[in-house]
Amino acid sequence: MGSKGGINMPTEKEVNKSSTVQNLRGSHKFRMILILVLMAIVIVLFIFFKKLRIALVVAFVALLAAFGLEATKNDWDLQKLWETKSFQESKVSRDTKGNILFDKLGNITTDSTKGKSADQYNCDDFATQPEAQAFFEKVGGVGNDVNRLDANKDGVACQSLPKGKK
């Protein structure tokens, strides 16, 4: 990492690498291909490893379910499903790229007018640092900082925003 005024700043190469990984992870087509490749690997392992067949069948069924969800761009909030026992109430909307939508509080939303995918948020979307911090932590924190709300990776999002209330 480069240094500017004592603050570690990511180099251009690190930024480009990070954005490439984020673009792949956000690609519906890439996720579909990845699931198909994993299914092919499980099939090959099934043929050659007779002792692992039960586990491989379970893995294949799980991948088949993931493929079905990804192909139809459907998802469900499992906690809400458990609480409400209703698939309709727990369904999570995705945008056209297949990304899950979040509101400014970091909650999953089904209303595209109240939310957008996590990678579309930046510090300008928040009025205060605590508001940005709450969103940052809810959508994954440092390990999933798709828009670099925490550019120096110290766990504090949008440090330049006012320190008002959440």
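Every read-out reported here was derived from the displayed coordinates using simple, explicitly stated rules and does not represent laboratory data. The model shown is predicted, which means the values in this text are computed figures rather than measured ones. Here Cβ is always computed from backbone atoms with ideal geometry, including for glycine, and neighbour counts include all displayed protein chains.
Quick one: VAL92, VAL61, VAL42, fewest Cβ neighbours within 10 Å first, how do they rank? Intermediate results must be reported in sequence, preceding the final value.
Numbers: VAL92 15, VAL61 11, VAL42 20.
By the 10 Å Cβ count, ascending: VAL61, VAL92, VAL42.
Near the amide H of TRP76, within less than 5 Å, lie the amide hydrogens of VAL92, all on another chain or at least 5 residues away, with H placed in the peptide plane.
Counting neighbouring Cβ atoms within 10 Å and putting the fewest first, the residues CYS158, CYS123 line up as CYS123, CYS158. A cut-off of 5 Å between modelled amide H atoms, ignoring neighbours fewer than 5 places along the same chain, links PHE102 with THR109, LYS116, SER117, ALA118. Residue order for PHE126, PHE87, PHE136, fewest other beta carbons within 10 angstrom first, comes to PHE87, PHE126, PHE136.
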